[in-house]
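Here the structure comes first, spelled out in C-alpha cells, and everything after it is commentary.
The values are calculated or read from the model by the stated rules, or taken from the named source; none is laboratory data. On a predicted model such as this, the values are computed, not experimentally measured, just so you know. Cβ sites come from the backbone with ideal geometry, for glycine too, and all protein chains shown count toward neighbours.
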Amino acid sequence: MSRYSLFVLPAVLAFAALQSACAQDVDETPPEVTAPTMTAERLGELVLRIDSEAQQSGPAWQFMVDDFETILIYDVDADRMRVMIPINDANVLPPEELLRLMQANFDSALDARYAIANELLWGVFIHPLSTLTDVEFLLGVGQTVNVAATFGQSYSSGMFIFGGGDSGELERERQRLLEKLEALSGDST
C-alpha cells in the first residue's frame, strides 16, 4: 500500500458514500434545464461593467480590477475563456514558494489557480465559455484578483479553504505565531 492510499482511500470512500446518499434523495430523471449560452458580446458587456475604460483587441480584453491589470482571452470555437493576471517573475520563485503555490491550488485558490507561462507567475480562472454564467464570470474575476493580491501571504481566492489540504493548518500556525507575538507586547487590548 502506498503512502498515498492512506489519504486517497478514505476520501474515495467518503465521496462514494455521499454519492450513494444523494442518489437516494434525488429523482433519477433531471428536469430539462437550459442555461443561456455565454457569448463574446456578453463577456464584453461584463468586462465594461467592471472597467468602463477596458480595451478590446480581437478575442481579448485588457481591463483593470482595483490595481490589477487583468486580461480576458476567449475562443468561441474551442468553447473556452481565461481570465489572467500577471503576478511575478517565475524565475525568482524559490522551491518552497512553488510548493506553497501548489498547496494553495489544492485548497485555498479554489476556482482561480496559480500558473506559470512565458516565465511569469499568473493568477488564472479558466472555464468553458458556453456554460459560463454572469455570476461565475464575476466571481472568477474576483477570485483571480484575490490570488494575485494574496500571493506571498495567504494564497487565497478569498472564498474559503477546501478541507483536506495544507493551507488551513499553515494559516492556523501563522495565527498562533501572531497571537504569541502579540502576547509578548504585553498589550491586552
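Taking the stretch 46-71, which residues are among the hydrophobic types (A, V, I, L, M, F, W, C) and out of contact with any helix residue (DSSP H, G or I) (no Cβ under 6 Å at 6 or more places or on another chain)?
Selection gives V47, L48, I50, A60, M64, I71.
Picking from V65, V83, which residue would you name as being aliphatic (A, V, I, L, M) and modelled with pLDDT of 95 or more?
Just a single option satisfies the conditions, and that option is V83.
Considering only residues that are surrounded by 16 or more Cβ atoms within 10 Å (Cβ to Cβ) and either under 18 Å from the mean Cα position of the chain (by Cα) or touching a residue at least 60 places away in the same chain (Cβ under 8 Å) (or both), which ones fall in the stretch 43-70?
L43, L46, I50, V65, F68, T70
Suppose we keep only residues that are without any contact (Cβ under 8 Å) to a residue 60 or more places away in the chain and surrounded by fewer than 16 Cβ atoms within 10 Å (Cβ to Cβ) within the stretch 127-137. Which one would you say is nearest to Y155 (Cα to Cα)?
E136
In the stretch 138-156, is there at least one residue being surrounded by fewer than 16 Cβ atoms within 10 Å (Cβ to Cβ) and either modelled with pLDDT of 90 or more or of a type in the set (F, W, Y) (or both)?
Yes - at least one qualifying residue is present in the stretch 138-156.
Do you know which residues across the stretch 71-85 are surrounded by fewer than 15 Cβ atoms within 10 Å (Cβ to Cβ) and hydroxyl-bearing (S, T, Y)?
Answer for the stretch 71-85, where residues must be surrounded by fewer than 15 Cβ atoms within 10 Å (Cβ to Cβ) and hydroxyl-bearing (S, T, Y): there is none.
From (1) under 24 Å from D77 (Cα atoms); (2) of a type outside the set (S, T, N, Q); (3) modelled with pLDDT under 90, pick out the condition that doesn't hold for E179.
Every listed condition holds for E179 apart from (1).
Determine if the stretch 112-125 includes at least one residue that is closer than 22 Å to L72 by Cβ, modelled with pLDDT under 90 and either surrounded by fewer than 16 Cβ atoms within 10 Å (Cβ to Cβ) or among the acidic types (D, E) (or both).
No - not one qualifying residue is present in the stretch 112-125.
Please specify each residue of the stretch 90-136 satisfying the condition of being acidic (D, E) and either under 11 Å from the mean Cα position of the chain (by Cα) or closer than 30 Å to R49 by Cα (or both).
Result: D107, D111, D134, E136.
For the stretch 30-130, which fully contained strands (runs of 3 or more DSSP E) count at least 1 residues that are under 22 Å from F151 (Cα atoms)?
Fully inside the stretch 30-130 and qualifying: 60-65, 68-75, 80-89, 112-117, 120-128.
Take the stretch 86-111 and flag every residue that is modelled with pLDDT under 95 and among the small types (G, A, S).
Hits for the stretch 86-111 are A104, S108, A109.
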